[in-house]
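The values are calculated or read from the model by the stated rules, or taken from the named source; none is laboratory data. What you are looking at is a predicted structure, and each value in this text was computed from that prediction instead of being measured. Ideal geometry is used to build each Cβ from the backbone, glycine not excepted, and the neighbour counts take in all protein chains shown. Side chains are part of the model used for accessible areas, which takes the heavy atoms of the whole protein and leaves out ligands, DNA and RNA. Shrake-Rupley method; radii C 1.70, N 1.55, O 1.52, S 1.80 Å.
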Amino acid sequence: MEEKMKAALNYDKALLQSKELYQYILDTSVYPNEPEPLKELREVSASHPSYWMGTAPDAGQLMGILLKLINAKRTIEIGVFTGYSLLLTALTIPEDGKIIAIDVDCEAYEMGFPVIKKAGVEHKVDFIKSEALRALDDLMANLDDEGSFDFAFVDADKINYLNYHERLMKLVKVGGLVIYDNTLWRGSVAMPEDAVGEKYKEGRKLLIEFNNLLANDARVQICHASIGDGMTICRRLH
């Protein structure tokens, strides 16, 4: 598949409203530095009916830098899909690092798993097929897990973002990072409600409420990045 065709798969949810500029970013910054296993996983994921659910490669590039900056070793991922962000994390953290990966559906993950295994990082992944709230509560039941994670990435059901946040504020250590995906919801959070398509209205409402909560949460320092479909980066302060 041509690189420009691959870019088009992610552009349909990007906030950057110039295909040429988005392609320029990919061609000059992202693709030349993207590890081969991630390229392979993107190609595999492109054949999935819901390919658009995958993490955009430019968003993944930002995540990779953040993981390195904080020397992340122990991470949580809520919402796995075919595993692009999961593989990126596994390639970035140390050999003895660990990712708790949570998803209710393992079918898409199994599609990407051969690439993860081929990359030699499957030993870093602890995949849990479960509702995320149940899995997080199980982690919290173990006092040793409290404040023990360096990083978390959330790309799952928006109705539970607030519930995930409350749990992650206990599981992620002070100074650690939590990233929430899709927080600009195709730009609809800034649109009048009557200008928003029906299928985006519920998500828009949930994310406006969540964004307002994060903006007023004294426990975190935030950065709302207009990359992909919007990513909010939270650094836990206390």
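Structural remarks
- Net dipole in debye of the stretch 77-155 [+1 Lys, Arg Cβ; -1 Asp, Glu Cβ; about Cα centre; nearest 20]: 360
- Charge dipole of the stretch 168-238 about the Cα centre (unit charges at C-beta), most positive-ward option of 237, 178, 222: 237
- Under-5 Å amide H pairs with residue 73, H placed in peptide plane, nonlocal only: 150
- For the stretch 74-79, putting each phi into the Karplus relation 6.51 cos²θ - 1.76 cosθ + 1.60 with θ = phi - 60° gives couplings of 10, 9, 10, 10, 10, x Hz, in residue order, rounded to whole numbers and with x for Gly and Pro.
- Taking all protein chains together and rolling a 1.4 Å probe, residue 98 ends up with roughly 70 Å² accessible.
- Entry note, the stretch 37-102: relative contact order of 37 percent, from Cα contacts under 8 Å with a spacing of 6+ residues.
- For the stretch 153-226, average projected area of the Cα convex hull in nm²: 5.0
- Note on the stretch 98-238: Cα convex hull, mean projected area over all directions, 9.4 nm².
- Check: the chain dipole with +1 on Lys, Arg Cβ and -1 on Asp, Glu Cβ, in debye: 480
- Percent carbon-and-sulfur accessible area, the stretch 27-134, ignoring ligands, DNA and RNA, probe 1.4 Å: 54
- Two-decimal ratio, the chain, of alpha-carbon radius of gyration to 2.2 N^0.38 Å: 0.97
- Across the chain, the relative contact order, built from alpha-carbon pairs under 8 Å that are at least six residues apart, equals 19 percent.
- Normalised by the number of residues in the stretch 134-220, the average gap of Cα pairs under 8 Å and 6 or more apart makes the relative contact order 28 percent.
- Cut-off under 5 Å, modelled amide H: who pairs with residue 55 long-range: 84, 85
- Å² of accessible area per residue within the chain, as computed with a 1.4 Å probe and no ligands counted: 48
- Taking amide H as placed 1.01 Å from N in the peptide plane, residue 128 has its amide H under 5 Å from the amide H of 101, 102, 103, each at least 5 places away in sequence or on another chain.
- Over the residues of the chain, the helix contribution to mean residue ellipticity at 222 nm works out to -12500 deg cm²/dmol, using -39500 (n - 2.57) for each DSSP H run of at least 4.
- The stretch 30-104, dipole about Cα centre (Lys/Arg Cβ +1, Asp/Glu Cβ -1), debye to the nearest 20: 220
- Once the Cβ-Cβ distance of residue 107 and residue 238 is raised to the sixth power relative to R0 = 35 Å, the FRET efficiency obtained is 0.35.
- Taking all protein chains as shown and a probe of 1.4 angstrom, residue 202 keeps an accessible surface of around 120 Å².
- Across 63, 53, the residue with the most accessible area heads the list, and the full order at a 1.4 Å probe is 53, 63.
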